[in-house]
Amino acid sequence: MHLQLRHLLLLFIGLPAFAQKAEDNLHFTSSKQQKIAVYKGTIIVNGNKTFKFASDNIVYKSKRNRLMEDGGNVFLFLEVTANPGRNKLVIFGINNSVADSLMTAVASDIKDWDHDELLEFGGSELTEAYPAADSMYYVPAKFYEIKKGRIVFDAAYTEKIDKKVNGVYIPELQGTKVIPKPKGRP
């Protein structure tokens, strides 16, 4: 009995050590049989080191890290921390054993948000409340969709979300802007 209790105690002491193992790598295979690995901030395609992040701020356990294919093109989505602000998705095109950085967007789930049968991702940055009660910060959103093998700006969904969140849509605004609070907004 003493022996079983000792083994059980050792098992419970050892389990947290296994659970705390740092995960610092990802592995994907495309339909073209391209082997993509992400290890300690480096992207390796078919054994070739093709991209190195300045610092390894990849969120390795994120469900948003994924390989997607559309129209014969292969895209690698990696979530990275971005302080201050929301995490980002860094998107790479994988072609000829090379990972080419295409763009960065606010991290979000990659799904058909607007029910148009295309996958969207993106969003808006976080901001603090504006100090005056009669005004607010307009924080523009940017949503993108995967369409015919390309990643394109989704103007219609971006406008819809901006109107919902900000009460108004201001096209082509970079950054934030102070605006009068729209009627009916708290």
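The values are calculated or read from the model by the stated rules, or taken from the named source; none is laboratory data. In this text the structure is predicted, and so the values were computed from the model without any measurement. A quick note on method: Cβ atoms are made from the backbone with ideal geometry, for glycine too, and the neighbour counts reach across all protein chains shown. Ligands, DNA and RNA are excluded from the accessible area calculation, which covers all protein heavy atoms including side chains. Shrake-Rupley method; radii C 1.70, N 1.55, O 1.52, S 1.80 Å.
Summed over the residues of the chain and divided among them, the accessible surface reaches 64 Å² per residue at a probe radius of 1.4 Å.
With respect to the chain, whose longest principal axis is taken over its alpha-carbon atoms, helix 155-166 is tilted by about 80°.
Couplings for the stretch 109-120, taken from phi via the Karplus curve 6.51 cos²θ - 1.76 cosθ + 1.60 with θ = phi - 60°, read 5, 9, 7, 7, 5, 9, 6, 9, 6, 10, 7, 10 Hz in order; Gly and Pro are left as x. Can you tell me the 0 to 90 degree angle between the C-alpha axis of helix 2-19 and the longest principal axis of the chain, rounded to 10? So the helix axis and the longest Cα principal axis differ by about 40 degrees.
Counting only other residues whose beta carbon sits under 12 Å from that of THR42, what net charge do I get with K and R as +1, D and E as -1? The partial results should precede the final answer.
Values: positive: LYS40, LYS49, LYS52; negative: ASP24, ASP56.
With Lys, Arg at +1 and Asp, Glu at -1, the net is +1.
Dipole orientation for the chain: of the candidates GLY175, ASN46, THR158, ASN46 has the Cα lying most toward the positive pole (charges on Cβ; Lys, Arg +1; Asp, Glu -1).
The apolar share of the surface of the chain, taken as the fraction of accessible area on carbon and sulfur atoms (1.4 Å probe, ligands and nucleic acids excluded), comes to 55 percent. What the phi angles of the stretch 138-148 give under the Karplus curve with 6.51, -1.76 and 1.60, with θ = phi - 60°, is a coupling list of 8, 10, x, 9, 9, 10, 10, 9, 9, 9, 6 Hz, glycine and proline written as x. Taking Cα extents along the principal axes in Å as calculated from this structure, the corresponding entry among (1) 52, 48, 31; (2) 72, 48, 33; (3) 56, 32, 29 is (2).
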